[in-house]
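Heads up: the structure comes next, in structure tokens.
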Amino acid sequence: MQTLTISMPATHFDTTVGPMGISWSGAAITGFTFVGGKLPPSVTPEPWVAAIIDRVHAHLGGIFQDFTTLPYAFAEVGDFQRQVYRQTLTIKAGSTCSYGDIARHIGHPPGASRAVGVALGANPWPLLVPCHRVVAADGKMTGFSGAGGIKTKLRLLALEGAQLFAE
């Protein structure tokens with residue numbers, strides 16, 4: 001489970017899928033989390049952060065948002081993770097892809113799918129960087145770092161209209 005960095009400004013807010021939190025530094029988002037357990041200290045969000053929170057509410061309400069251009073603190077993650085997160089941002093609501101697909105798209109063999117899974121397991125921005133849209137090659141659901149794990153992943157995919165089961 002991701003936790004917010006307490007040394008940076010952070011705020012938490014309720015949503016239809018449970019409490020969430022966002023942290024930032026300067027003009028960059030440093031973390032986004034599905035909050036489980038004790039809530040971190042919360043401050044009033046800056047207007048640009050409040051606008052992101054509004055977009056999250058809209059997304060969870062069925063008005064799907066493209067979070068591609070948000071100001072992520074990509075400098076805080078390694079090169080491989082950054083490549084994985086940028087590729088994951090291209091997966092549109094209602095769609096899924098496999099870990100191997102992401103590996104292939106960033107120039108690695110499908111065998112790098114485990115490394116992609118590790119990077120997504122450490123995703124500092126779940127939901128915004130839609131790691132919930134990444135599934136195993138056979139379509140099976142795998143872990144999700146947000147509170148509620150796979151149950152939350154399935155709920156998000158269903159909300160976005162992804163076809164979850166092939167006949």
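Might you check whether a residue that is in a loop (DSSP other than H, G, I, E, B) and more than 25 Å from Asp54 (Cβ to Cβ) occurs anywhere in the range 145-162? Checking the range 145-162: not a single residue is in a loop (DSSP other than H, G, I, E, B) and more than 25 Å from Asp54 (Cβ to Cβ). Inspection of the range 81-104 finds no residue satisfying the criterion of being in a loop (DSSP other than H, G, I, E, B), over 29 Å from Gly62 (Cβ atoms) and not acidic (Asp, Glu). Scanning the range 67-81 for residues that are within 17 Å of Arg133 (Cβ to Cβ) and without any contact (Cβ under 8 Å) to a residue 24 or more places away in the chain gives a single hit, Thr68. With respect to the conditions (1) within 25 Å of Val17 (Cα to Cα); (2) surrounded by fewer than 23 Cβ atoms within 10 Å (Cβ to Cβ), Ile106 falls short on a single one, namely (1).
Looking at the range 128-141, which of the residues that are part of a loop (DSSP other than H, G, I, E, B) and modelled with pLDDT of 95 or more is surrounded by the fewest Cβ atoms within 10 Å (Cβ to Cβ)? The qualifying residue surrounded by the fewest Cβ atoms within 10 Å (Cβ to Cβ) is Leu128.
Within the range 22-60, the set of residues being surrounded by 12 or more Cβ atoms within 10 Å (Cβ to Cβ), touching a residue at least 12 places away in the same chain (Cβ under 8 Å) and small (Gly, Ala, Ser) comprises Ser23, Ser25, Ala28, Gly31, Gly36, Ser42.
The values are calculated or read from the model by the stated rules, or taken from the named source; none is laboratory data. Quantities reported herein were computed from a predicted structural model and do not represent experimental measurements. As a convention, Cβ positions derive from the backbone with ideal geometry for all residues, glycine included, and neighbour counts pool all protein chains shown.
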